[in-house]
């Protein structure tokens, strides 16, 4: 069983760190936090805060910390259930956290570079803000899911697939929102948009999946 090969003590520490990050984001940015948790059904957050975004933002940094932790914990649990059980080792898990953080950050920096090269910085910045917001919201949702999987229910394939489907749905809503906001521009450059989706949105995750599932 999964609970025989994982260490809940380390996971408890990580869950607490994620909770602290979210609590601090609510404590230091109460109005923005309240708008953020309604982002899935209300575009108010995106409209207000996309105009005032910074390269390094305290609110996004705290939520990003929780995202990386929550995504790494969920990824570990999912792999242990869907692929093969693995023993928790702090060195291995540190590499997982580093890999997840590096993947997200490198993608963001590369997309910013593309924006600069093609002189579309403003559009890319808005798009990245929207995408990052929905990613951070995914991390917000994954935190209670991880708590349930660790302490309340035994991880099963059905529960994990439903959770994965929920996270995909959240980010799909974000992609559709970005499409609607830049519909005219995208339709006029549909080929480049499809190329972008394949190269930067789908490709990296397919490669990561292949690497993870190689025995």
Practice problem: Give me the number: length gained by fully extending residue 56 to residue 164, i.e. 0.36 nm times residue separation minus the C-alpha to C-alpha distance, one decimal in nm. | Solution: 36.0 nm
Quiz item: Any idea how far apart residue 107 and residue 191 come out in nm if each label point goes 7 Å out from Cα toward Cβ?
Solution: 2.6 nm
Practice problem: Could you order peptides 142-149, 105-112 by the average number of other Cβ atoms within 10 Å of their residues, highest first? | Solution: 142-149, 105-112
Quiz item: Once the piece of chain linking residue 172 and residue 96 is laid out straight, how much longer is it, given 0.36 nm per residue of separation minus the C-alpha distance between them?
Solution: 24.9 nm
Quiz prompt | Projected label distance in nm at residue 156 and residue 20, using a 7 Å step from Cα toward the beta-carbon | solution = 3.5 nm
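Each reported figure results from applying straightforward, stated rules to the coordinates on display, with no laboratory input. Please read these numbers as outputs of a predicted model, since none were measured by experiment. All Cβ positions, glycine included, derive from the backbone under ideal geometry; neighbour counts span all protein chains shown.
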